[in-house]
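The values are calculated or read from the model by the stated rules, or taken from the named source; none is laboratory data. What you are looking at is a predicted structure, and each value in this text was computed from that prediction instead of being measured. Here the Cβ is made from the backbone with ideal geometry for all residues, glycine too, and neighbour counts use every protein chain on show.
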Amino acid sequence: MANFKFIESKEDLKAFAGFRMAEIDGEKARTMKEFFGQIARALDFPEEFDHSLESLDDLLNDLSWLEEDRILLFISHSDAFLSQEKNRDKITEVFNLLDITAEDWKWVDDEVEAESPREFVILIEPSQQLTTLFDQEGIAYEPIA
């Protein structure tokens, strides 16, 4: 099962009403700097976030400061998302990091008693640009079921 789900319309978001939604507006996240600012605000990152992929990875795999164990990352206007980032490898790294994060969240730590497993879901408004990138890089995606 792919961690990236393409939605048909914003109506699909209603199925995730119990999730904390963190929306990244691609039109306001055309560069890595803008993306880091948006995700930091959307997920209330602590001040220690240093706007790097390594720091992003650390914080996404923690999120202990949030009350919710079910997080929905929604990327709207994906045709504009990171469109001004010149380093394609960084764009691919962002999606690989998000993919790994969603996968890691599926595993419950046996030492921590949890009433329900944590979930990190990634929904994206599809675009030709993103579909092409995912296909070229072998990143799995599927329409929302």
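Computed values, structure above
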read-out	value
Test: residue in the stretch 51-59 that is among the hydrophobic types (A, V, I, L, M, F, W, C), at pLDDT 95 or above, surrounded by 13 or more Cβ atoms within 10 Å (Cβ to Cβ) and within 18 Å of E125 (Cβ to Cβ)	no
Every pair of residues 6+ apart whose Cβ atoms lie under 9 Å, when the first sits in the stretch 82-104 and is touching a residue at least 60 places away in the same chain (Cβ under 8 Å) while the second is surrounded by fewer than 14 Cβ atoms within 10 Å (Cβ to Cβ) and in a helix (DSSP H, G or I)	F95/E137
Qualifying residue in the stretch 93-102 (condition: on the phi < 0 side of the Ramachandran plot and more than 16 Å from the chain's Cα centre (by Cα))	no
Some residue of the stretch 119-133 being within 14 Å of the chain's Cα centre (by Cα) and farther than 26 Å from E11 by Cβ	no
Filtered residues of the stretch 32-62 (kept if at positive phi and in contact with a helix residue (DSSP H, G or I) (Cβ under 9 Å, 6 or more places away or on another chain))	H51
Test: residue in the stretch 21-31 that is of a type outside the set (F, W, Y), touching a residue at least 12 places away in the same chain (Cβ under 8 Å) and farther than 20 Å from I91 by Cβ	yes
Qualifying position, being within 28 Å of E8 (Cα to Cα) and surrounded by 19 or more Cβ atoms within 10 Å (Cβ to Cβ), among I91, I100, I139	I91
Candidate set from the stretch 1-50 (those that are of a type in the set (D, E, K, R) and within 18 Å of L82 (Cβ to Cβ)); member that is surrounded by the most Cβ atoms within 10 Å (Cβ to Cβ)	E34
Helices (runs of 4 or more DSSP H) lying entirely in the stretch 16-125 (those with 3 or more residues that are within 21 Å of I144 (Cβ to Cβ))	88-105
